[in-house]
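Input: a single structure, listed below in structure tokens.
The values are calculated or read from the model by the stated rules, or taken from the named source; none is laboratory data. Keep in mind it's a predicted model, so treat the numbers as computed, not measured. No Cβ is skipped: glycine too gets one built from the backbone with ideal geometry, and neighbour counts run over all protein chains shown.
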Amino acid sequence: MSIKKILIANRGEIAVRIIQTCRQLGIKTVAVFADADRNAKHVDMADESVHLGNTDLADSYLNIDKIIAAAKHTDADAVHPGYGFLSERASFATALAEEGIKFIGAPADALRLMGSKSAAKQTMIKAGVPCVPGYQEEDQDPKVLAHAASEIGFPVLIKAVAGGGGKGMKIVHEKADFLTQLDSAKREAMNAFGDDQVILEKYITKPKHIEVQVFADQHGNVVHLFERDCSTQRRYQKIIEEAPAAGLSDATRTDMLNAAIKATQAIDYEGAGTIEFIMDGDDSFYFMEMNTRLQVEHRVSELITGVDLVAWQIHVADGGKLPKKQHKIHETGHAIQVRLYAEDPQNNYLPSTGLLEQVTLHQGEHTLVDSGVRTSDSVTIHYDPMIAKLVVWAKDRKKCIQKMQEVLNKSAIFGVKTNVGFLSQILAAKAFKKHQIFTNSLDNDEIDLSMQLSPEVVAVYANHMLQQGNGTAWEMADGWRLQGTEPLKITLEYQGDEFEYLIRQEAEGYVVNEQSHCVIHADDICHVHRNQVQVVHQQLRYEFSLPDHEAQASASNANAIYAPMPGKIIDVKIAVGDPVKLGQTLVVMEAMKMELELKAERDAVIAEVPVVSGDQVIADAVLVELEAS
């Protein structure tokens, strides 16, 4: 192999994952980093590192000139872009080629073609790949688009041509809402991609998201590595992926795999790619887009095929032929991946920033943990709030779900809000077990994820604390009181409410509030950090805290709207003196790659608006002040 050193033009868990394969291949690695990542895990792991600049993406991970200079300075033979950032930027691939540095990714022509959703769809229609009915022309006049939407028929999906990750994507159910949603989609697309062009597609009401992993070399060979089901999403962001897809008929699977090969051959592709399809209720499937890079969820394909896709990428970029022909690639068992995010599912998935006070990610047999952070690292506003990917393999889907639940149960993260419990709830849901999760199921609240705090959960916590105290009578300042033979008194907060419990220990368990007789089971788990508690009971995770009344007293109220995190104001929808209603959107801000609508918490009159569109604001900044109507 001629490649001896690779610069990784990325950060976080994907940079760590690439370094792991390079070590196995005996290839040296170079990390790049911005100010916020100076002490990051990927920087520590690489053989060398180069500082790019400040946290502004244009000064660091999106700065082509700086990355190429770093590659030349360290004598790197090749650059691996990971995913996101510059991974699908044709100008980056071209600039590297001009400097004689290998790009471990797709050819520039394919990047340009597939980078445009409209051009990609036109190419696939010409190649005979089934596509969703829609509008993909260049004329972006709102009147033309509105007419096209009416011709397609509502509901219609608006998609940013240069988009990805759900940015610039809106569902429009009624004709009257089209222009407002179009304006929002275009604004979001411009902010995220610098391009506000959109396409329209017929919206499928019960869609499944099935994608095929493909691979091609420079010698005309193309193979697939089977399909993945990525239907479990929220806000178009995948959170659970699995391979193979459950519930597909053999005929549909064969047709889809063949269509993916045809799509890949149509653009003279090289390297790793993913053909994404949307499938409706009658097993018809349609091309959505091609991701011309490694996917976040590539690990599930690796686990069912035994293939290291990063190693294949490096081998193909070095001019080698695909290591295996199609008939030599087999799938075995089932794999599931979950994405652990620093976000609050109880508060509209709002990203959560701060210090990771404790990170425990369970890793057992046939389990992968991909993470770019460790205990004492921080989740910042500057990048995607993913903490880790957990991936498991088992002989069949049922065992795989059980194994993933076990991994989640034994994992715990403190210091920021996370979606760990949310993921456990989805895996335990009947709809997931029966593979009846659709891409819009979570956004449409089709799955009941409400959880009442039961006496059994409190008993698990009490048992844990008494075990920690060796069963003796003791006092704590965090809400516990145990004196003599009196029952244990626990005061705690759960989902914004405060509860009190009296717990008495018996020979076979506990009595809670003199009503519930609770037995502790072997699979009950309790994680405790400071005043934060996470209890796993019957495969579900309950998170609560011991009260901090001083903090409660300083909490915000309904008389003002505060910035939930640092960000940019992109739209102010009210003015001083305006009457507003409960739930009315007052300000729209952008933070952590999300567009957040901040709403009135009561009927009121606008008293003051100290911000305007374009302002950069800090966390907890007052955006709107209200007075009684």
| task | Exactly one condition in (1) farther than 15 Å from Gln313 by Cβ; (2) without any contact (Cβ under 8 Å) to a residue 40 or more places away in the chain; (3) touching a strand residue (DSSP E or B) at 6+ places or on another chain (Cβ under 7 Å) is not met by Thr74; state its number. | result | (2)
| Does the range 98-140 hold any residues that are aliphatic (A, V, I, L, M) and in contact with a His (Cβ under 8 Å, 6 or more places away or on another chain), and which are they? | Ile104
| Which condition breaks for Asp308 when tested against (1) out of contact with any helix residue (DSSP H, G or I) (no Cβ under 8 Å at 6 or more places or on another chain); (2) among the charged types (D, E, K, R); (3) under 28 Å from Pro107 (Cβ atoms)? | (1)
| Which one is surrounded by the fewest Cβ atoms within 10 Å (Cβ to Cβ), of the residues in the range 92-139 that are of a type in the set (Lys, Arg) and assigned to a helix (DSSP H, G or I)? | Lys126
| Given Glu475, Glu498, which one is more than 17 Å from His527 (Cβ to Cβ) and modelled with pLDDT of 50 or more? | Glu498
| request: With the condition kept exactly as written, say whether any residue in the range 305-320 is among the hydroxyl-bearing types (Ser, Thr, Tyr), modelled with pLDDT of 95 or more, within 30 Å of Thr418 (Cα to Cα) and buried (at least 19 other Cβ atoms within 10 Å of the Cβ). | output: no
| Within the bounds of the range 223-242, is there any residue that is part of a strand (DSSP E or B), in contact with a Ser or Thr (Cβ under 8 Å, 6 or more places away or on another chain) and either outside the structural domain of Ile314 (by TED's automatic domain parsing) or on the phi > 0 side of the Ramachandran plot (or both)? | yes
| Is there any pair with a first residue in the range 348-363 that is over 16 Å from Val528 (Cα atoms) and in the same structural domain as Trp393 (by TED's automatic domain parsing) and a second that is in a strand (DSSP E or B) and of a type in the set (Val, Ile, Thr) whose Cβ atoms are under 6 Å apart and which are 6 or more apart or on different chains, and what are they? | Thr353/Val379; Gln363/Val369
| Can you find even one residue in the range 587-608 that is part of a strand (DSSP E or B), β-branched (Val, Ile, Thr), over 30 Å from Gln237 (Cα atoms) and not assigned by TED's automatic domain parsing to the domain that holds Tyr236? | yes
| task | Have a look at Ile426, Ile437 and point out the one that is part of a loop (DSSP other than H, G, I, E, B), at pLDDT 85 or above, crowded, with 20+ Cβ neighbours inside 10 Å and among the β-branched types (Val, Ile, Thr). | result | Ile437
| Quick one: in the range 5-38, which of the residues that are in contact (Cβ under 8 Å) with a residue 12 or more places away in the chain and assigned to a loop (DSSP other than H, G, I, E, B) is farthest from Asp318 (Cα to Cα)? | Arg38
| task | Could you give me the residue pairs with C-beta distances under 6 Å whose first residue belongs to the range 498-509 and is in contact (Cβ under 8 Å) with a residue 40 or more places away in the chain and on the phi < 0 side of the Ramachandran plot, whose second residue is acidic (Asp, Glu) and surrounded by 10 or more Cβ atoms within 10 Å (Cβ to Cβ) wherever it lies, and which are 6+ apart or on separate chains? | result | none
